[in-house]
Amino acid sequence: MIKESNLLAEHAVQRDVVDAGDYYMKVVKAGQTVRILDLEGNQAADTLFYNAHDPSERYSAMDTIREQGNVYLTAGTELLSNEGNLMLEIVADTCGRHDTLGGACATESNTVRYAIDKKCMHACRDSWLLAVAENEQFGMSKRDITHNINFFMNVPITEQGGLTFEDGISGAGKYVELRAAMDVIVLLSNCPQLNNPCNAYNPTPVEVLIWD
């Protein structure tokens, strides 16, 4: 569902550009709104959410899908935790839908899906592992890396019930905006994947904006 925001970028209290292949890891407070902006189009932003006071509580794709009765995420979607609590709500979306089934790329999946020589290529899981290692104040480890949301990523479900990675449906300047219902850690990997069309074979930056 397409729904535009009335928030102005110049009123944001924080703005960060995240290069392709880099990570973003910061706390968004309850009541704040965070926007993920696709600057150049067709870029996947693999994102995890955690309770900032207890990271063992984290985004649950299973609970979110079950409660909304839809495998895609868009404006109006309530993101639930593994404890059934509301973490964030998508309050604006100019892309239309986002994936939470396809998972994130890893060196292992690069090898299985593409070729053995792709194993050394950077992947979203590597970005998350680096993030938790470099941000010890959050008290997280690789055991906390779990199922994610792929904002802007186009992963259609086939008639046989499988998943395919297709050309993105996002474009330059499109965004998704979420209002936090609790203090959350936002852990985003700006996907560096070069082997499928999720980034149009050309990873590009995204911007993360926060409003009080």
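So here's what we get for this one:
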{"quantity": "Amide H contacts under 5 Å for K3, placed H, 5+ residues apart", "calculated": "D93, T94"}
{"quantity": "Pair L39, E134: separation of 7 Å Cα→Cβ label points (nm)", "calculated": "1.6 nm"}
{"quantity": "Extension gain (nm, one decimal) between V71 and D183, 0.36 nm per residue minus Cα-Cα", "calculated": "37.8 nm"}
{"quantity": "Cα centroid separation - the range 16-73 against the range 85-106, whole Å", "calculated": "7 Å"}
{"quantity": "Listed peptides 64-70, 41-47, 127-133 by packing density, highest first (mean Cβ within 10 Å)", "calculated": "41-47, 127-133, 64-70"}
{"quantity": "Highest-first arrangement of 140-147, 51-58, where packing means the average Cβ count within 10 Å", "calculated": "51-58, 140-147"}
{"quantity": "Contact order relative to length of the range 30-90, as percent, for alpha carbon pairs under 8 angstrom and 6 or more apart", "calculated": "23 percent"}
{"quantity": "Theoretical FRET efficiency, 1/(1+(r/R0)^6), r = Cβ-Cβ of D19 and D212, R0 35 Å, to 0.05", "calculated": "0.85"}
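No value in this document is a laboratory result; all are computed from the given coordinates. Since the model is a prediction, treat every value here as computed from it, not as a measurement. Glycine also receives a Cβ, built like all others from the backbone with ideal geometry; neighbour counts cover every protein chain displayed.
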